[in-house]
């Protein structure tokens, strides 16, 4: 009998101690028929952003892109039989894209969505032939006097994409992705850089101007990749220059992309 009472006493003390510990971590507020419990514990709080907070990171737009640029005629060929001055040197012609902002409108979870954002494009065109630049007119006059060691046209654009994106994984940094659509742009500035040689002396010049460039651009675009690495291709749907001044010239750019 005494043994039974002793065991009962031990269980009572142990249970009371535990209840006191729980009570120390618990605040009780009685409001009429409702009891509010505020429980303090040692569980850690997951500070990682939830799915809603992460959705502007899930697109495959923000990042850096680089690749060569080829000037094409209206028939999508790189030759200009009647306008040789537009045949460019791909080794000296390229585009840099710095896409710094993105947002994805989800259609089906993270697998299908519409991507938009903001970016900057730097385009450089290096011509094969000696072309005299006219900042107020057009960059298309053949120079029969000077021999150009460098003859480059540079332009900077602010770009905005609208692309339909497909992903094979619910997380943007895993699996394959494919995005296709259009990229609009507005020209922020343009200039030329020339280097000619006279009596073994190099003369360099850099001049800002319009050079007959269109104020806007619209590219057909496609991106394909795995995780954060991929390839891209952009083709100008609008001519690079004012067609009232010269023939249609359409840049084609392709290369590598690294997503942020």
Exercise for the section: Can you confirm whether region 207-215 contains a residue that is modelled with pLDDT under 90, part of a strand (DSSP E or B) and in contact with a strand residue (DSSP E or B) (Cβ under 9 Å, 6 or more places away or on another chain)? Expected result: yes
Practice task
Return yes or no: is residue 104 assigned to a strand (DSSP E or B), assigned by TED's automatic domain parsing to the domain that holds residue 241 and modelled with pLDDT under 85?
Solution key: no
Practice task
Could you please find all residues in region 80-122 being farther than 27 Å from residue 179 by Cβ and surrounded by 13 or more Cβ atoms within 10 Å (Cβ to Cβ)?
Solution key: 80, 83, 84, 85, 86, 87, 88, 89, 92
Exercise for the section: Working only within region 32-85, note down all residues that are closer than 27 Å to residue 122 by Cβ, at pLDDT below 85 and not in a loop (DSSP other than H, G, I, E, B). Expected result: 56, 57, 84, 85
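The values are calculated or read from the model by the stated rules, or taken from the named source; none is laboratory data. Small disclaimer: the values here were computed from a predicted structure and weren't measured. With ideal geometry, Cβ positions are generated from the backbone for all residues, glycine too; neighbour counts draw on all protein chains shown.
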